[in-house]
Amino acid sequence: MSSDILEKRKTKFTRMRMLRDRDAAQGKPKVTGQEADPRIAHLEDLFVICPECGESFLKEEVRKNYYTCPHCKHLYTMPVEKRLRSIADDGSIRVFASNLEAVNPLHFPGYEEKIAQQREKSGQAEAIYSAVCKIDGRDVAVVIMNSKFLMGSMGILVGEYVTRACEYAGMHKIPLVIFTASGGARMQEGMLSLMQMAKTSAAIEKFKRAGGLYIVVYTHPTTGGVSASFAGLGDITLAEPGALVGFAGPRVIEQTIGEKLPEGFQKAEYLEEHGFVDQVVERERLREVLSRILKLHA
Amino acid sequence: MIEELDRKIDEMEATLAGMQSAQPEEKILRFQLKRDRDELLAACRELTPADKVYLARHIRRPRIDDYTKALFTEFFEQKGDRLGKEDPSIFGGIALFEGTPVTIIGHRKGHDLNENIKLQFGMPGPEGYRKALRLMKQAEKFHRPVILFIDTPGAYPGLEAEEFGQSQAIAENLAAMSMLQVPVLAIITGEGNSGGALAIGVANRVCMLENAVYSILSPEGFASILWHDASKSKEACNIMKLTAQDLKPLGVIDEILPEPPGGAHRNPQAVYETIRGCVREFLKSTKNKSGKEMARARAKKIRRMDAAWIRIDKAAGEDK
């Protein structure tokens, strides 16, 4: 597509979205499905509007830019495989622990259906993904959490993935990197979810005491039981810009203290200022930074 | 159901206490009281999870300071996290249990509203957890068994708590407790909610009073997360599996400690005796075990707790 046509389409898309938003603001019913304007539907496949700055961009452009808005640096959720590929050496990735299945321990009504639905929607088996790969030639175990799968909540399987990754990394004496993203413990597995906090923390501690290097990368959002267990135990702790990290969510805190929270509260930069993060690192620099840390521990 | 009866009996008892014994109404009232007590006892045979939540949160339920007075001697309280703060909602110190030095740590709730406000209703901040960790490390140094009393609505969700690293403090406790080289016994005496309870709850043996509850978070919080409606907490209670009777088959707890009819607050003395027996038995069974053995056993227990619910899909093959 020539840049001229592209510009025209982008302008058109922006205008149509504006009109639609105006309609919505005036309370006109939202048109969907068959009746939706096919012209805008087509353009919606192509373009994305940044929720932060309102500029529109080609999806392809955003994708190539590490899922970051080229204008305001807003971070989109990065699909787990894409994230792994963005830090790993080409052709070095081996998926790990993909043969685990969990059952519904509390017989929670509708839980199996919910999981099936989430799998269909996300194409992922769980809220977590683990692999072994190389970064600049150095072996490393990588665990990536997916906030789009049931809020990235930690159930038995998520805990088991983390624990197995620790054990694998410990056995092969390689460093462990975990990208955290979670809304907390998984409600549907009750106390067994909560126990994952103890299980993962114990596994990390054992790995660390045996001399293993453990790197945490906080991504948006990391809260609840995950932030208060394995995510809080890194030898090195990095964070993506703007990632929200904390035990209690902002809404709960506001309800408790009865006032508004300060701007930027619980964000990566705030944590860096308060001593809980070594460095805030942009996505495009992450591979390089990880590589350097690995080199320093070789 | 239980709530109404329990309150009614309390009211009647209060009226009776204020009456002069010769008054004619007294006899009637005594009669009614006896009838209602019997009804309560009958009802207590079939408690719903929501009833247990009510009993677990009862304001007159024995607190950690009551247990300390009743079960231990020579208690010496230890305060402060040595990082600039003291959190009264975690209570701890050294004491003798039938002659053996032990470290006691637990959440502290108040006996009335005023006390509760001072103690933040038993919701610790990071300084509380750091104090607990300091005491545990000290117990390890001096080879003292650790006895934990769990009774909290959860970790305190406040601005300052977050600023000073609530997550970090809890995570560090979990990590350190998995390796602690002394016997650790945890007793859930009231409500044990969320990471705030578990942060001082990783133990070799976990016991739970019959009407205590132990859950991933409060039923109100659960209902508001799942259904965006905190008022559906009763429904939440029914599916959360938070009672001792639900948790024992899941392997989350090891033993259920019986309570007197009507709940622990109706006869605290009986509860003290039960817990005394439990602590005595635990100390006896771990007396000849080394610290390393205790740590290893605890780590193994945590690692294997949920093994029954993980299936390895053979068809997908091994991928090492």
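The values are calculated or read from the model by the stated rules, or taken from the named source; none is laboratory data. Since the structure is predicted, the reported quantities are computational estimates derived from the model, not experimental observations. Cβ: placed from backbone, ideal geometry, glycine included. Neighbour counts: every protein chain shown. Calculation scope for accessible area: heavy atoms of the full protein, side chains included, ligands and nucleic acids excluded. Shrake-Rupley method; radii C 1.70, N 1.55, O 1.52, S 1.80 Å.
What to note about this one:
- Checked against the criterion of being in a helix (DSSP H, G or I) and either farther than 27 Å from residue B:111 by Cβ or at pLDDT below 95 (or both), the stretch B:265-276 has at least one qualifying residue.
- Boolean, residue A:75 is under 30 Å from the mean Cα position of the chain (by Cα) and at pLDDT 90 or above: yes
- Residues that are under 20 Å from residue A:202 (Cα atoms) and either in contact (Cβ under 8 Å) with a residue 12 or more places away in the chain or among the acidic types (Asp, Glu) (or both), drawn from the stretch B:151-178: B:165, B:166, B:168, B:169, B:170, B:172, B:173, B:174, B:176, B:177, B:178
- Within the stretch A:193-224, being open to solvent by 20 Å² or more (accessible area, probe 1.4 Å) and among the basic types (Lys, Arg) holds for A:206, A:208, A:209.
- Of everything listed in (1) closer than 21 Å to residue B:81 by Cα; (2) touching a residue at least 12 places away in the same chain (Cβ under 8 Å); (3) open to solvent by less than 10 Å² (accessible area, probe 1.4 Å); (4) in a helix (DSSP H, G or I), the single unmet condition for residue B:222 is (1).
- Single match in A:228, A:239 (criterion: open to solvent by less than 10 Å² (accessible area, probe 1.4 Å), touching a Phe, Trp or Tyr at 6+ places or on another chain (Cβ under 9 Å), aliphatic (A, V, I, L, M) and more than 9 Å from chain B (Cβ to nearest Cβ)): A:239
- Residue in the stretch A:152-163 that is open to solvent by 10 Å² or more (accessible area, probe 1.4 Å) and either modelled with pLDDT under 95 or of a type in the set (A, V, I, L, M) (or both) present: no
- Failed condition for residue B:89, given (1) over 19 Å from the mean Cα position of the chain (by Cα); (2) over 22 Å from residue B:12 (Cβ atoms); (3) surrounded by 19 or more Cβ atoms within 10 Å (Cβ to Cβ): (1)
- Exactly one residue out of B:210, B:255 is open to solvent by 20 Å² or more (accessible area, probe 1.4 Å), under 22 Å from residue B:59 (Cβ atoms), more than 10 Å from every other protein chain (Cβ to nearest Cβ) and touching a residue at least 40 places away in the same chain (Cβ under 8 Å), and it is B:210.
- Of all the listed residues (A:190, A:258, A:242), the sole one being in contact with a strand residue (DSSP E or B) (Cβ under 8 Å, 6 or more places away or on another chain) and under 30 Å from residue B:214 (Cα atoms) is A:190.
- Filter pass, residue B:52 being open to solvent by less than 30 Å² (accessible area, probe 1.4 Å), part of a helix (DSSP H, G or I) and in contact (Cβ under 8 Å) with a residue 24 or more places away in the chain: yes
- All strands (runs of 3 or more DSSP E) inside the stretch A:78-146 with 2 or more residues being among the β-branched types (Val, Ile, Thr) and free of Cβ contacts under 8 Å to residues at least 60 places away in the same chain: A:128-135, A:138-145
- Qualifying residue in the stretch B:154-166 (condition: buried (at least 21 other Cβ atoms within 10 Å of the Cβ), more than 10 Å from chain A (Cβ to nearest Cβ) and small (Gly, Ala, Ser)): no
- Within the stretch A:246-289, the residues that satisfy the criterion of being basic (Lys, Arg), more than 12 Å from chain B (Cβ to nearest Cβ) and either buried (at least 19 other Cβ atoms within 10 Å of the Cβ) or touching a Ser or Thr at 6+ places or on another chain (Cβ under 8 Å) (or both) are A:283, A:287.
- Filter result for residue B:311 (facing another protein chain (nearest Cβ under 9 Å), crowded, with 17+ Cβ neighbours inside 10 Å and either free of Cβ contacts under 8 Å to residues at least 12 places away in the same chain or assigned to a helix (DSSP H, G or I) (or both)): no
- Residue match in the stretch B:189-197 (condition: open to solvent by 10 Å² or more (accessible area, probe 1.4 Å), under 19 Å from the mean Cα position of the chain (by Cα) and facing another protein chain (nearest Cβ under 9 Å)): yes
- For the stretch A:87-118, a tally of residues being open to solvent by less than 50 Å² (accessible area, probe 1.4 Å) and either within 24 Å of residue B:247 (Cβ to Cβ) or facing chain B (nearest Cβ under 9 Å) (or both) returns 13.
- Condition met for residue B:97 (touching a residue at least 40 places away in the same chain (Cβ under 8 Å) and among the aromatic types (Phe, Trp, Tyr)): yes
- Residue within the stretch B:182-192 that is in the same structural domain as residue B:291 (by TED's automatic domain parsing) and either among the basic types (Lys, Arg) or assigned to a loop (DSSP other than H, G, I, E, B) (or both) present: yes
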